[in-house]
Every structure is written in structure tokens, then in C-alpha cells.
Amino acid sequence: MTDERGTTKFQVDLRRHLRECNVERNLTRLICEIADASKYIINSIRTGDLGVAGTSNLYGEKQLALDVLADRILEKRLKYSGVVASVISEEQDEIISFEPEHSECYSVAYDPLDGSSLVDVNLAIGTIISICKGDALLGKGRDQVAAMYILYGPRTTLMYSTGNGVHEFGMNQLMEYTLVKENITIDGDTGIYSPGGQRNLYTEGVERYVRLLEEQGCKLRYSGGFVPDINQILVKGKGIFLYPHLKGKPEGKLRLLYELNPMAFLVEQAGGAASDGRMPILDIEPETIDACAPVFMGSKKEVALAQELVANETR
Ligand code: F6P
Ligand code: MN
């Protein structure tokens, strides 16, 4: 049942939605575990010290940086879920293997607290999750079976896809995730653009691209947080996010495994596109666990235009 904005009126919680979409049992369990873990992360963000690693709290106890804390919360939760074979986190430098209780198990790559440098200025941040079947973490993004993020802003948003559309949930007063909108789509014109990286380091092609967007009357909407910037595109159904190849930094900044692949999965599922300027993000073969790539993601038309302008640039 929806209102005139297409927003669901009755509260459908996350577990029920996953069941109704016939998502595999262990995958449902995994997604719900992550959703539960996010409640503890929210609590740390809201009540914790700003968490510069190595500082002490009021009682002289050592404080953990929020991103380290978020990492521990997730790792523990995933380990005891019984359905996870291995994890890799942006906060750690190697794959951690568990012994799952089930043969039908998954592997998870995650960025526990993306944008954590925005915590002190109180801007929005998020957790980004990529899920693959079995024990495969180093494959192409195309191999993902699910992706999700949780956005900690003035409100909390959870967006997920198991390859069957993208669905938006909001956290209610009982800290439950309830359905806001099913089948989110990116179909509009650009309208807004979020350009990452230093402009004086843009290559000729990227500079021309951004000028074209500006001439078209696009509005600048860049928060400096990947999760809120992509959430804006998904919820508004239009826009382009770029963190391009830069002079002296041809691989850009954002990481394939923890940031780009899950977001590209969601954006493609919503009918948008995600490219490194030459090929779809989801088709890139990551060479290392911390591989980075340039990115142009959002409305299909704008991603195609970016490719026209930058594909042949030497990097
Ligand atoms: O993880 C990196 C991150 O904080 C993203 O959230 C964001 O999109 C990007 O870096 C911003 O980078 P910059 O400060 O260079 O614009
Ligand atoms: Mn990050």
C-alpha cells in the first residue's frame, strides 16, 4: 500500500521484506545481522567520544576510534552469525576466515565506517557492505550476490539489493528498519553532480566533463561522504557522482572491494551505471584487496558522456 509519493504506508520490516522477496534463508539471516550490528554502531556514533585512537575517556580508559569500534562490532557479529565463511574489512589488511555452521555460506567485504573523518564536523557517514557467495572475496563485483549500506544522517537509512531491485528502509522509533520505498530507480536527467577530488588535479577530459555538467545547469551537491552522496542519487533518482583519475593519482581514491563494487551493484540494480571511465566497475578484476579505481556513477546518460570524454585519456 503506497501514498502519492510511492512511499509505503504500512510498516513492513526488513526481515519480512526479505522473506517476501524469497531471499535465501542464510542470506536473510546475514543481512538482518548486519542491520542489527548497525544499531550498536549508531549508538557509538551518537554517544561515543570522537574517538581519536589512543585517547582516554573520562575514566582514563583507552578509547577506540569510531571506525575501529565499528569494525569490531561488525566482525564479531559476522563471525557468530554462523553463515559467514570469510570477511575483509577496510580497517584490516588481510582476509579473516571463520568456520561457518552452514555449507550455504557467504563472504563479506565491508567498510565499517566510511567517511569517518566527517564525524567531528557532524556530517553524514555510513557502513558499506558487499556480499559474495561461498568463500570468494577477490572476484569481480559482478560476482556479488547482494550489497547494502546504512547511512547515519539526521535519520538512519538502510538500502539493500539482493539482485532483485533496490529497496530503501528507514529506522523507526523502536530502532527497527521499516520499508520506505521498493524498487528505487535512477531514471531522471542529471540535475545534480557530486565531484570528488581536487579540481586542479583534474585531467583535461574530466575538466571538460564537469564544465559541460555546469553549462547544463547541474547543481553542485557534494557532501564529502560517499554513502550520503550515493544515497542522494538513489533517492532523488538522478545525478552523477565522480571521483575521477587525477593527475599523479591515476587510480583515484575509492576502493573497489569495500566501496565501489557494492555501490556499483546498487546503482546498476536501480537502472543506473557505474564506470571507471572505460569499463563497468563491476567488470574490473581487482588485483589486490586494496585496489582503487576512478569512478563515474549515477544516471546512465551522464556516465556514457563521461566515458566519451575520458576513455582515451592516458593514465
Ligand atoms: O572513504 C573515502 C571518502 O571519505 C568517501 O566517503 C568520500 O567520497 C571521499 O573519501 C571524499 O574524498 P575527498 O575528501 O578527497 O573529496
Ligand atoms: Mn571508506
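The Cα center of segment 274-315 and the Cα center of segment 155-229 differ in position by 16 Å. DSSP assigns beta bridges within segment 192-310; of those with both partners inside it, close to 70 percent run antiparallel.
Would you work out the relative contact order for segment 132-225, in percent, from Cα pairs under 8 angstrom that are 6 or more residues apart? Please report the intermediate quantities before stating the final value.
Values: 103 pairs, mean separation 15.1, N = 94.
Relative contact order, segment 132-225: 16 percent.
Solvent exposure of Phe10, expressed as accessible area, is near 130 Å², computed with a probe of 1.4 Å over the protein chains only. Beyond 23 Å, the tail of the calculated P(r) for segment 192-310 holds 19 percent of the Cα pairs.
Candidate membrane-span-like segments in the chain, meaning DSSP H helices with Cα atoms spread over at least 18 Å of their own axis and a Kyte-Doolittle mean of -1.0 or above, are 25-47, 66-80, with no membrane implied. For Val166, the amide hydrogen comes within under 5 Å of the amide hydrogens of Asn183, Ile184, counting only partners 5 or more places away or on other chains and with H modelled in the peptide plane.
Based on the Kirkwood approach, the hydrodynamic radius assigned to the chain is 19.8 Å, with every pair of different Cα atoms included.
In the chain, Cα pairs under 8 Å separated by at least six residues give a relative contact order of 15 percent. With the helix formula -39500 (n - 2.57) applied to DSSP H stretches of n ≥ 4, the chain reaches a computed 222 nm mean residue ellipticity of -9000 deg cm²/dmol.
Classify segment 14-181: rounded, prolate or oblate, from the alpha-carbon gyration tensor (a ≥ b ≥ c, eigenvalue square roots; a/c under 1.5 rounded; otherwise prolate if a/b is larger than b/c)? Can you show the working numbers first?
Details: a/c = 1.95, a/b = 1.34, b/c = 1.46.
Cα axes put segment 14-181 in the oblate bin.
When the pairs Lys133/Lys181; Lys39/Lys236; Lys181/Lys219; Lys253/Lys300; Lys76/Lys219 are compared against a 30 Å limit on Cα-Cα distance, Lys76/Lys219 fall above it.
Note on exposure: Ile284, Ile233 ranked by accessible area (1.4 Å probe, complete protein assembly) read Ile284, Ile233, with the most exposed listed first.
Charging the Cβ of each Asp and Glu at -1 and of each Lys and Arg at +1, and nothing else, the dipole of segment 125-232 about its Cα centre rounds to 140 debye.
Thr314 contributes about 130 Å² of solvent-accessible surface, heavy atoms of the protein only, 1.4 Å probe. Extending 7 Å from the Cα toward the beta-carbon at both Asp135 and Ser117 defines two label points whose distance is 3.7 nm.
The values are calculated or read from the model by the stated rules, or taken from the named source; none is laboratory data. In this text, all values refer to a predicted model and were calculated from it rather than measured experimentally. For neighbour counting, all protein chains shown are included, and Cβ atoms are generated from backbone atoms with ideal geometry for every residue, glycine included. Each accessible area value is taken on the protein alone, full model and side chains, heavy atoms only, with ligands, DNA and RNA left out. Shrake-Rupley method; radii C 1.70, N 1.55, O 1.52, S 1.80 Å.
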